[in-house]
1. Once you keep just the Cα pairs under 8 angstrom separated by 6 or more residues, what percentage relative contact order results for the stretch 127-214?
2. Figure the gain on full extension for residue 284 and residue 174 (residue separation times 0.36 nm, minus the Cα-Cα span) and round it to one decimal in nm.
3. According to a simple spin-label model (label point 7 Å from Cα along Cα-to-Cβ), what is the distance in nm between residue 241 and residue 140?
4. Using a probe radius of 1.4 Å on heavy atoms only, what accessible surface per residue do you get for the stretch 177-252? Whole Å² is fine.
5. In the stretch 176-223, what percent of the accessible surface is made up of carbon and sulfur (1.4 Å probe, ligands and nucleic acids excluded)?
6. Working out 0.36 nm times the residue gap between residue 221 and residue 131, then minus their Cα-Cα distance, what length gain in nm do you get to one decimal?
Amino acid sequence: MGRKRCVGADCSKMAAGCCGVKKQKLSGSPGSGGPGGVGAGNGVAGTGHCGSDLGIGSSSTVAAGNMNRVNGLGCPGGSSSSTNALSPTPGGYNSTGLSPNLSPGSGSGSGGRKMVVSAEMCCFCFDVLYCHLYGYQPPRTPRFTNDSYPLFVTWKIGRDKRLRGCIGTFSAMNLHPGLREYTLTSALKDSRFPPVTRDELPRLFCSVSLLTNFEDVGDYLDWEVGVHGIRIEFFNEKGSKRTATYLPEVAKEQGWDHIQTIDSLLRKGGYKAPIANDFRKTIKLTRYRSEKMTMSYAEYIAHRQHHHYQNGTGHPLPPYNHYS
């Protein structure tokens, strides 16, 4: 099947993105149009909004300078372990900087190569949010790479890991400023939710996703559930170009096959007519992969305490930061 790698300016044109949290019920057969919850969207730089319960909904354009800001329901997922975020203990971090309970999310990395995403990135996002909420100076420059990647920052809350905010960009950004920006944008400016508050911090989970390996494919079925994220571009009933995306873990988490995922994306992107297979064949599809890391607030505090104790600093919380 024909495919071409999406690089440079082609990738920067990608826009609306979204993911599911709770399992969706698809109404009717896969060919009947899937779930409802439709809305507006566009194919230029913009954001994708989803319904806070079903992971389906509308897209709308938000001015974002030269960046394509994307907010999505659920986006990267949280870890499955339950942690007491109110009484963390200093963790024994191994040589890779991960606590025993902290691990990359499903679909992270590819081909056995070393992952770029790291626990330090999640810790940095917590630092940025904490310092903002408490009025401290922003944390200093982190030690991890400042290479450019499309990225998402997702906040979830509570034991059931309900979505609390998720916004990212398909335009490659340097990681240091990119994570600073989208940490606060996803926590405070996701239009589906009120801004995150201090009281919610102990129950938060932070996920960082770095998007890689963009490829345009000639067949809308040429992607693998649980491996690829997909971004579709199509024209609605009125001839307007629309876009929608799901990150790699969404279809697997929802229990969808290829057709159900495509139909859900069409509805999310605002397509209201019955969905026939001939129409699906007109979709332009880009597939991609992601590297994802998730950290709970308890793991963040344990990480911070570990560095404080090493440096002889008694206070376990920001504004201290161990970045150089």
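1. With pairs under 8 Å counted, the relative contact order is 35 percent.
2. The residue 284-residue 174 span can extend by a further 36.8 nm.
3. Roughly 4.5 nm, to one decimal.
4. I get 36 Å² per residue for the stretch 177-252.
5. C and S atoms contribute 55 percent here.
6. Here the answer is 27.9 nm.
The values are calculated or read from the model by the stated rules, or taken from the named source; none is laboratory data. What you see is a predicted model, and the numbers here were worked out from it, not measured in a lab. Note that we place each Cβ from the backbone using ideal geometry, even for glycine, and neighbour counts take in every protein chain shown. Accessible surface areas use protein heavy atoms only, side chains included; no ligands, DNA or RNA. Shrake-Rupley method; radii C 1.70, N 1.55, O 1.52, S 1.80 Å.
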